[in-house]
Every structure is written in C-alpha cells, then in structure tokens.
Amino acid sequence: MWRQRRLQYIRRNRKRLYEELQTSDRLNEHLDEVDRQADLFFSQLVKQLVEQQGITEDLKAENQLLWVQQMNNVQNVAAEIVLNELIYC
C-alpha cells in the first residue's frame, strides 16, 4: 500500500525526483525503503495509540463491536499520519 502511494505521489508531484530515481535505477530501492519505514512507523503508531486510548483485550471480550470501531479509528489515524509524514513529503 505505502509503496504504491509513494510511487503515485512522486510521479505526480515530485517529477524531478521520480526521473532521477528512475534514471539512476534506484526507484525500486527507494520504494522498498519507504515501504519498510512506513510499515514500521504504522505499527509503532498503532501500538502507541491503542495504549493511549486504553483499548484492551478486556474491551474486546466485553464489547467486540466497540473494540473493532476503536481499532479501525486508530488504524485510520495512524495511516493518515504515515501518509503525511513519510509518503507525501
């Protein structure tokens, strides 16, 4: 997911960078690194946000629907942060 979004972004908005990476044959290397960093950052953010908001396994056992809603919210927030701080820069 991150790799594709980064590729789309640099193709549209950072044309010079895209051309440099492509001509130096480093585009795939760049996209792999961004994807790796984004995955790690996303995982860390989700973990932090879950802890901050007190989303626990107890909640999952007591009210599964609420737990799913809160986890989806956390993942959406984390994805937006990753996009803004890593992908669209």
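The values are calculated or read from the model by the stated rules, or taken from the named source; none is laboratory data. Remember, it's a predicted structure, so these values are computed and weren't measured experimentally. Cβ atoms come from the backbone with ideal geometry, glycine included; neighbour counts cover every protein chain shown. Side chains are part of the model used for accessible areas, which takes the heavy atoms of the whole protein and leaves out ligands, DNA and RNA. Shrake-Rupley method; radii C 1.70, N 1.55, O 1.52, S 1.80 Å.
Structure notes:
- Taking a sphere under 9 Å around the Cβ of Y88 and counting the other residues whose Cβ falls inside, with K and R at +1 and D and E at -1, yields a net charge of +1.
- Across the stretch 76-89, computed HN-Hα scalar couplings (Karplus, 6.51 cos²θ - 1.76 cosθ + 1.60, θ = phi - 60°) run 5, 5, 4, 5, 5, 5, 4, 4, 6, 9, 10, 7, 9, 10 Hz from first to last residue, x flagging Gly and Pro.
- Solvent-accessible surface of the chain, taken per residue with a 1.4 Å probe and all protein chains present: 71 Å².
- Length-normalised contact order for the chain - Cα pairs under 8 Å, 6+ apart - percent: 37 percent
- For the chain, carbon and sulfur atoms together expose 44% of the accessible surface, with a 1.4 angstrom probe and every protein chain in place.
- Charge sum, other residues only, whose C-beta stays under 14 Å from H30's C-beta, Lys/Arg counted +1 and Asp/Glu -1: +1
- Assigned charges on the beta-carbon of Lys, Arg, Asp, Glu; the chain dipole about Cα centre (debye): 520 debye
- Which label in (i) 15.3; (ii) 14.5; (iii) 13.7 gives the computed Kirkwood radius over Cα pairs in Å: (ii)
- Net charge in the neighbourhood of W2 (other residues with Cβ under 11 Å of its Cβ; Lys, Arg +1, Asp, Glu -1) is 0.
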